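**Q** Have a look at the structure that comes next, please.
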Amino acid sequence: MNNFLAKTLSSINALIAIVILAYFTLAGAMYMHLIGAILGAIVGIVVAALVCGTIAFLTLIERHLAEIAAATRQPRS
C-alpha cells in the first residue's frame, strides 16, 4: 500500500506544482494586476520548488531504498 501511495504522489507531483504556481499568480494578479501577477508567479515558483522538490526528493530516496532492498533479497552467486 505504501508503494502505491508513493507512486501516486510522484505522479501527481507536477500537477501540484502547477496548482501552486497558478494560485500564487492569480492571487498576485488580484492585488496588483500585472506586477502582482509577475511577483506572484515568482513566489509561486519558489514555493512549488520547495514543496514539490521535497516530494520529488523523497520519492527519489524511496526508489533508491527499494532498489537496495531488492538487491539484498537476491541470493548471491
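Each reported figure results from applying straightforward, stated rules to the coordinates on display, with no laboratory input. Just so it is clear, the model here is predicted, and its values are computed rather than measured.
**Q** May I ask for the angle, rounded to the nearest 10°, between helix 2-73 and the longest principal axis of the chain, with both axes built from Cα atoms and the value confined to 0 to 90°?
**A** That helix lies at roughly 0 degrees to the long axis.
**Q** Can you match Cα Rg over 2.2 N^0.38 Å to one of these, (i) 1.60; (ii) 1.67; (iii) 1.02, based on a calculation from the structure here?
**A** Label of the calculated value: (i).
**Q** Further question: Averaging sequence separations of C-alpha pairs under 8 Å and six or more residues apart, then dividing by the length of the chain, give the relative contact order as a whole percent.
**A** 29
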